[in-house]
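The values are calculated or read from the model by the stated rules, or taken from the named source; none is laboratory data. These numbers were taken from a predicted model, which means no experiment stands behind them. Cβ: placed from backbone, ideal geometry, glycine included. Neighbour counts: every protein chain shown. Protein only, heavy atoms only, side chains kept; ligands, DNA and RNA dropped before computing areas. Shrake-Rupley method; radii C 1.70, N 1.55, O 1.52, S 1.80 Å.
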Amino acid sequence: MKNLYLMCLLFVLAGGTAAQQSAAPKAATSGNLPSKETVEEFMRHTFGYDQNLKWQVKEIKPAVDPAMTEVTVLVNTPEGQQLFKLFVTPDGKNAISGEFVPFGANPFAPLRQLLDAKAKGPSRGAANPEVTIVEFGDLQCPACKRAQPTIEKLLSEVPNAKLIFQQYPLTNLHKWAETASKYALCVNRQNKDAFWKFVDSVYSHQDEMQQMTVEQVEPKLKEYVTEAGANADQATQCTSDPAVTAEIINSSALGQEVGVTGTPTLFVGGRKIANVGGIPYETLKEITEFQAKNK
């Protein structure tokens, strides 16, 4: 879920230029990472003028490039919540906002191979696909609901594509997302076609359930299980299976491994597309068709 309000604010960070390093960079370790207090003060000095902006420092760790530090901050804006990243230079005096992107002669191959090996969520589409689309989604996420028609259209117009749905409930933001994920996976155990009908029903009723508690939502979820053609009692019993919880944990861990910071995030032939709602449909289709021919 990309947030235009936050993106405009982050444009402020583009005004600085990176300082030249006088010495070879040292690998970031727990001993020389910036402190949480430093990050808090950076945020306050940079964005403190905006009373509508609140934030929480989520993680500080060595980046993919071990000479740099990766800082993840959860930002609350008038438009909602968004995770964003800062990459701090070794001297701690400059930061780059954004994300690392793959580079090389075949930049998307490593992620494609990783997802081919580990993305085992419910799937549909071509039996022998020329391109695989992996979606990391959250059933309580409004942006995922808005993206669904786009993804449906893409699958109908690119018949050689396959879609895999990986559960990625944002439990720190959405109180019943994990419960919905459990029901979805349990429906998939009964009937793979029913899984997609259940997802459609949850998205269709998402607005009315948005502020409900887990206790209030669960009867609704059981109703949608039945509407999808699955057994609600069997699905309810299944949600207590530790293997279902483990599947969600593993799916979320895979998302973190491939750099998911929000939902929905697509990987089209290994190519990451985080801003599904911000990319024109024809561009998304062109990327998908291109990835099918270029591996």
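Could you count how many residues in the stretch 162-187 are hydroxyl-bearing (Ser, Thr, Tyr) and at pLDDT below 95?
1
As an exercise: evaluate residue 186 against (1) open to solvent by 10 Å² or more (accessible area, probe 1.4 Å); (2) of a type outside the set (A, V, I, L, M); (3) in contact with a Cys (Cβ under 6 Å, 6 or more places away or on another chain) and give the number of the one condition it does not meet.
(1)
When the stretch 171-215 is examined, which residues are found to be small (Gly, Ala, Ser) and more than 14 Å from residue 248 (Cα to Cα)?
If the condition is that a residue be small (Gly, Ala, Ser) and more than 14 Å from residue 248 (Cα to Cα), then 194, 201, 204 are the ones that fit.
Just for the stretch 274-292: of the residues that are modelled with pLDDT of 95 or more and β-branched (Val, Ile, Thr), which one is farthest from residue 134 (Cα to Cα)?
283
Name the residues in the stretch 133-145 that are modelled with pLDDT under 95 and out of contact with any Pro (no Cβ under 8 Å at 6 or more places or on another chain), would you?
Across the stretch 133-145, the qualifying residue is only 142.
Quick one: which residue in 218, 208 is farther than 22 Å from residue 163 by Cα, open to solvent by 60 Å² or more (accessible area, probe 1.4 Å) and over 20 Å from the mean Cα position of the chain (by Cα)?
208 is the lone residue from the list that is farther than 22 Å from residue 163 by Cα, open to solvent by 60 Å² or more (accessible area, probe 1.4 Å) and over 20 Å from the mean Cα position of the chain (by Cα).
Conditions first: (1) open to solvent by 50 Å² or more (accessible area, probe 1.4 Å); (2) in a helix (DSSP H, G or I); (3) of a type outside the set (A, V, I, L, M). Residue 295 passes all but one, so which condition is the exception?
Checking residue 295 against (1) open to solvent by 50 Å² or more (accessible area, probe 1.4 Å); (2) in a helix (DSSP H, G or I); (3) of a type outside the set (A, V, I, L, M), the one that fails is (2).
Specify which of the listed residues (213, 245) is surrounded by fewer than 17 Cβ atoms within 10 Å (Cβ to Cβ) and over 22 Å from the mean Cα position of the chain (by Cα).
213
Looking only at residues in the stretch 87-114 that are modelled with pLDDT of 95 or more and touching a helix residue (DSSP H, G or I) at 6+ places or on another chain (Cβ under 8 Å), which one is nearest to residue 203 (Cα to Cα)?
Selected residue: 114.
For residue 124, which of the numbered conditions (1) touching a helix residue (DSSP H, G or I) at 6+ places or on another chain (Cβ under 7 Å); (2) within 28 Å of residue 57 (Cα to Cα) fails to hold?
Of (1) touching a helix residue (DSSP H, G or I) at 6+ places or on another chain (Cβ under 7 Å); (2) within 28 Å of residue 57 (Cα to Cα), only one is false for residue 124: (2).
Taking the stated definitions as given, is residue 273 β-branched (Val, Ile, Thr), open to solvent by 10 Å² or more (accessible area, probe 1.4 Å) and either under 28 Å from residue 103 (Cβ atoms) or touching a helix residue (DSSP H, G or I) at 6+ places or on another chain (Cβ under 7 Å) (or both)?
yes
Here's a check for you: in the stretch 37-73, which residue that is open to solvent by less than 30 Å² (accessible area, probe 1.4 Å) and among the charged types (D, E, K, R) is nearest to residue 258 (Cα to Cα)?
Only one residue fits best here, namely 70.
Please name all residue pairs, on different chains or six or more residues apart, with Cβ atoms under 7 Å, provided the first residue is in the stretch 188-205 and is free of Cβ contacts under 8 Å to residues at least 40 places away in the same chain and more than 19 Å from residue 146 (Cβ to Cβ) and the second residue is assigned to a helix (DSSP H, G or I) and hydrophobic (A, V, I, L, M, F, W, C).
Note: pairs meeting the criteria are 194/187.
Would you mind stating whether residue 255 is within 14 Å of the chain's Cα centre (by Cα) and modelled with pLDDT under 95?
No: the conditions fail for residue 255.
Of everything in the stretch 74-86 that's among the aliphatic types (A, V, I, L, M) and either closer than 17 Å to residue 141 by Cα or at pLDDT below 90 (or both), which residue is surrounded by the fewest Cβ atoms within 10 Å (Cβ to Cβ)?
Selected residue: 74.
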